[in-house]
Amino acid sequence: MATRHQKSLARFMVAPSVLLLLGWMIVPLAMTLWFSFQSYNLLSPGMEQFIGWTNYKYFLSDPAFWTAMQNTLLIVGGVLLITVAGGVVLALLLDQPIMGQGIVRILMIAPFFIMPTVSALVWKNMFMNPVNGLFAWMAKAVGAQPIDFLAQYPLMSIILIVAWQWLPFATLILLTALQSLDSEQMEAAEMDGAGAWAKFTHLVLPHLSRAITVVILIETIFLLSVFAEILVTTNGGPGYQSTNLTYLVFSQALLQFDVGGASAGGIIAVILANIVAIFLMRMIGKTLE
Amino acid sequence: MARRVSDRRRWFFTVLAWLVALLIFFPILWTILTSFKSEADAIASPPKFLFFDWTTENFAEVQARSSYLRHFMNSVIISIGSTLLGLLIAIPSAWSMAFQPGKRTKDLLMWMLSTKMMPAAGVLIPMYLIFRSWGLLDTRLGITIVLMLINLPIIIWMLYTYFREIPSEILEAARMDGASLRNEIVHVLTPMAVPGIASTMLLNVILAWNEAFWTLNLTTSKAAPLTTFIASYSSPEGLFYAKLSAASTMAIAPILILGWFSQKQLVRGLTFGAVK
């Protein structure tokens, strides 16, 4: 059916988006790669020179890098764990016959629409603040010592804030998947005397696997580059305790003006993301067949 | 007897679900409530939940201090602009991939999505330098283009998913019936494509509205949208809970309402139709 004419028209229609994305991918990446081999500081313009692998050596031997790497993975892993497990539980709950389900759903989905800078500020000041925060008040009300969350457990606090934002997303996706579960199959399982746990592990969970894959893919894309939450709450501190790769590169480039070092860090971040991407793309490729 | 049990079950799950929902929503509710308090009531201990002197002066003060309206307009222009620009490029592309799929279409789509995996931090410096030398720093045009580029893969995927569900038999049937190309587009294709385009648009406005990495790094004052405006409240000297809450409420209200309207499309759109 497709004539040669139609085919070339199709190519012509795809071309702009392909060229734009190609440019968006290659130009900055090539520049970053180039800078990563240069000694380049924004404070001393005109002093740029080729220095080989020095930036990489410097960046890789910096303990801050390994901390940031670890934190990046902890944020992605921690938030995924909380949101997927919590999402399954909440989806199962919402799938029950509930009065006012529409409103319940609206209340639960809301955090997903809150901009990260707002949610970070609200959590930091109105909940986690050790003097005026609600958590401090609750601790005092039961006679306990208030915890300074962002100073004592900075990474955990950030994971909690980010998980709060993404839990609704996981819940909504999993709920949608759950509602397409064949009720006849469930009834048949019940007839055969399957208990609640057996039904969950043998019917519900396999049915949800596709949705869980999608949740993991989408969330990982966004979680690898968590930024605003860190900038607004802890500035990566204390020390490097809550710095992830994105934040480390940002601070190296725009706070310390070390373009060369930051570029090396950027390239390492790209490589890390690509390793994750290959793995994820395989997964999603299978899911979407 | 059976009915009794199911009634009890219903009540149990209703109460539980409402409790959990209110718990999750509480930070937002608390922010909105605090925005109507005086500063003294905002930090009162024990906290005042509903019984305080309601006031709207915080909103006026936020606007007076840092021109909420200008940032709001920037957010509107940037998020709608980048979405429209993205649609302009993505519609033909998604359209032809959905209706004229080649051997490599699937790979092409995968590649497009993979550009979304590129960490922003990796390309921040070049973008910053390019922007600086082209005079695009802190301009609406510059940030609109960047947001368009980072959301383009998602736009294409969503549109592709929607378009693929339009059965091509309908097109052929219309052609058989002698519909002209113009009629075909106006009366057959458009009505079927518009809902998908509308949801894509809605979701991308939300994504662009909340995007923080690029807006924080490439804008300072003139083109700064609400994400940047809110971040300016993070400095310790600006720490007034009621005003912070008012600013936050004003920043999230428009997009929260839009999000609630589009929650059904959200699932389909953001999961590329893999979950129904």
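Key figures for this structure:
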{"item": "Residue within the stretch B:111-125 that is assigned to a loop (DSSP other than H, G, I, E, B) and among the polar types (S, T, N, Q) present", "result": "no"}
{"item": "Exclusive hit being modelled with pLDDT of 80 or more, surrounded by fewer than 18 Cβ atoms within 10 Å (Cβ to Cβ) and under 24 Å from the mean Cα position of the chain (by Cα), set B:W95, B:W111", "result": "B:W111"}
{"item": "Filtered residues of the stretch A:16-55 (kept if under 30 Å from B:K103 (Cα atoms), exposed (fewer than 14 other Cβ atoms within 10 Å of the Cβ) and hydrophobic (A, V, I, L, M, F, W, C))", "result": "A:L19, A:L22, A:I26, A:A30"}
{"item": "Boolean, B:I91 is within 25 Å of B:L216 (Cβ to Cβ) and β-branched (V, I, T)", "result": "no"}
{"item": "Selected residue (only one of A:L208, A:L248, A:L223 is more than 7 Å from chain B (Cβ to nearest Cβ), over 28 Å from B:Y128 (Cβ atoms), open to solvent by less than 10 Å² (accessible area, probe 1.4 Å) and among the hydrophobic types (A, V, I, L, M, F, W, C))", "result": "A:L208"}
{"item": "Residue list for the stretch B:13-44, filter: of a type in the set (F, W, Y) and in a helix (DSSP H, G or I)", "result": "B:F13, B:W18, B:F25, B:F26, B:W30"}
{"item": "Residue in the stretch A:2-25 that is within 13 Å of another protein chain (Cβ to nearest Cβ), under 30 Å from A:S157 (Cα atoms) and among the hydrophobic types (A, V, I, L, M, F, W, C) present", "result": "no"}
{"item": "Selection count where residues are closer than 17 Å to B:N204 by Cβ and either crowded, with 24+ Cβ neighbours inside 10 Å or facing another protein chain (nearest Cβ under 8 Å) (or both), scope the stretch B:243-259", "result": "4"}
{"item": "Elements of type helices (runs of 4 or more DSSP H) in the stretch A:187-289, at least 2 residues being over 27 Å from A:Y153 (Cβ atoms)", "result": "A:196-199, A:205-223, A:259-287"}
{"item": "Flag if A:V118 is more than 19 Å from the chain's Cα centre (by Cα), within 12 Å of another protein chain (Cβ to nearest Cβ) and closer than 21 Å to B:E211 by Cα", "result": "no"}
{"item": "Selection status of A:F135, among the hydrophobic types (A, V, I, L, M, F, W, C), within 12 Å of chain B (Cβ to nearest Cβ) and touching a residue at least 12 places away in the same chain (Cβ under 8 Å)", "result": "yes"}
{"item": "Any hit, the stretch B:168-182, residues being modelled with pLDDT under 85, at the interface with chain A (Cβ under 10 Å from one of its Cβ atoms) and farther than 30 Å from B:I32 by Cβ", "result": "yes"}
{"item": "Matching residues, the stretch B:214-226, being open to solvent by 10 Å² or more (accessible area, probe 1.4 Å) and either under 10 Å from the mean Cα position of the chain (by Cα) or touching a residue at least 60 places away in the same chain (Cβ under 8 Å) (or both)", "result": "B:N217, B:T220, B:S221, B:K222"}
{"item": "Residue match in the stretch B:154-162 (condition: open to solvent by 20 Å² or more (accessible area, probe 1.4 Å), modelled with pLDDT under 90 and touching a Gly at 6+ places or on another chain (Cβ under 8 Å))", "result": "yes"}
{"item": "Residue satisfying all of: in the stretch A:187-200; modelled with pLDDT under 85 and either under 16 Å from A:L80 (Cβ atoms) or out of contact with any helix residue (DSSP H, G or I) (no Cβ under 9 Å at 6 or more places or on another chain) (or both); most open to solvent (accessible area, probe 1.4 Å) among these", "result": "A:M191"}
{"item": "In the stretch B:25-45, residue farthest from A:T171 (Cα to Cα) [restricted to those that are β-branched (V, I, T) and open to solvent by 20 Å² or more (accessible area, probe 1.4 Å)]", "result": "B:I43"}
{"item": "Residue in the stretch A:178-186 that is free of Cβ contacts under 8 Å to residues at least 40 places away in the same chain, open to solvent by less than 50 Å² (accessible area, probe 1.4 Å) and in a helix (DSSP H, G or I) present", "result": "yes"}
{"item": "Tally of residues being assigned to a helix (DSSP H, G or I), aromatic (F, W, Y) and over 27 Å from the mean Cα position of the chain (by Cα) across the stretch A:36-70", "result": "1"}
{"item": "Residue count, the stretch A:132-176 (criterion: in a helix (DSSP H, G or I), small (G, A, S) and over 20 Å from B:I24 (Cβ atoms))", "result": "4"}
{"item": "Some residue of the stretch A:139-152 being without any contact (Cβ under 8 Å) to a residue 24 or more places away in the chain and either of a type in the set (D, E) or open to solvent by less than 10 Å² (accessible area, probe 1.4 Å) (or both)", "result": "yes"}
{"item": "Number of the condition not met by A:P97 [criteria: (1) open to solvent by 10 Å² or more (accessible area, probe 1.4 Å); (2) of a type outside the set (F, W, Y); (3) in a helix (DSSP H, G or I)]", "result": "(3)"}
{"item": "Selected residue [out of contact with any helix residue (DSSP H, G or I) (no Cβ under 8 Å at 6 or more places or on another chain), open to solvent by 30 Å² or more (accessible area, probe 1.4 Å) and not in a helix (DSSP H, G or I)] from B:K103, B:K48", "result": "B:K103"}
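Condition check ((1) in contact (Cβ under 8 Å) with a residue 60 or more places away in the chain; (2) within 7 Å of chain A (Cβ to nearest Cβ)) across all residues:
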{"position": "B:T83", "(1), (2)": "yes, no"}
{"position": "B:I89", "(1), (2)": "yes, yes"}
{"position": "B:A98", "(1), (2)": "yes, no"}
{"position": "B:R104", "(1), (2)": "no, no"}
{"position": "B:L109", "(1), (2)": "no, no"}
{"position": "B:P119", "(1), (2)": "no, yes"}
{"position": "B:G122", "(1), (2)": "no, yes"}
{"position": "B:Y128", "(1), (2)": "yes, no"}
{"position": "B:F131", "(1), (2)": "yes, no"}
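The values are calculated or read from the model by the stated rules, or taken from the named source; none is laboratory data. Since this is a predicted model, take the numbers as computed values, not measurements. Because the Cβ atoms are built from the backbone with ideal geometry, glycine has one as well, and the counts that use them run over all protein chains shown. Side chains are part of the model used for accessible areas, which takes the heavy atoms of the whole protein and leaves out ligands, DNA and RNA. Shrake-Rupley method; radii C 1.70, N 1.55, O 1.52, S 1.80 Å.
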